[in-house]
Amino acid sequence: KSDFINFISDQEWKSIEPVSSWFGPSSFLMSSMSALFQLSMWIRHCHGYLTETVGIPVWGSYAIFALATLFSGLILGLVSEAL
């Protein structure tokens, strides 16, 4: 705590370079990272729902997500070929 107070009162923060806009909170890179994190939390929630509520075994949930990944890749490939 005292180090932080000294950092502010001695104005040492002025000697630190600001974060570039590429790594800023509203940049495309950080927004993409946030979206990936939210997707991973949604997948985790779905996995918990499938295994705990529906009663599907863990390997069954993994198989469902593997098939969903394959089919989404297939659909994206078909769409990209059509364009």
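Working only within region 58-83, note down all residues that are loosely packed, with under 10 Cβ neighbours inside 10 Å and touching a helix residue (DSSP H, G or I) at 6+ places or on another chain (Cβ under 7 Å). If the condition is that a residue be loosely packed, with under 10 Cβ neighbours inside 10 Å and touching a helix residue (DSSP H, G or I) at 6+ places or on another chain (Cβ under 7 Å), then no residue fits.
So which residues in region 6-57 are open to solvent by 80 Å² or more (accessible area, probe 1.4 Å), in a helix (DSSP H, G or I), at pLDDT 85 or above and of a type outside the set (A, V, I, L, M, F, W, C), if there are any at all? Hits for region 6-57 are Q38, R44, H45, Y49, E52, T53.
Anything in region 34-83 that is among the hydrophobic types (A, V, I, L, M, F, W, C) and closer than 30 Å to F23 by Cα? List them, or say none.
Of region 34-83, the ones among the hydrophobic types (A, V, I, L, M, F, W, C) are 35-37, 39, 41-43, 46, 50, 54, 56, 58-59, 63-68, 70-71, 74-76, 78-79, 82-83.
Across region 34-83, the qualifying residues are A35, L36, F37, L39, M41, W42, I43, L76.
I'd like to know if region 19-30 contains one or more residues that are over 15 Å from the mean Cα position of the chain (by Cα) and at positive phi. No; the residues of region 19-30 include none that is over 15 Å from the mean Cα position of the chain (by Cα) and at positive phi.
The values are calculated or read from the model by the stated rules, or taken from the named source; none is laboratory data. Remember, it's a predicted structure, so these values are computed and weren't measured experimentally. Reconstructed Cβ throughout: ideal geometry from the backbone, glycine too, with neighbour counts over all protein chains shown. The area values use the complete protein model at the heavy-atom level, side chains included, leaving out ligands, DNA and RNA. Shrake-Rupley method; radii C 1.70, N 1.55, O 1.52, S 1.80 Å.
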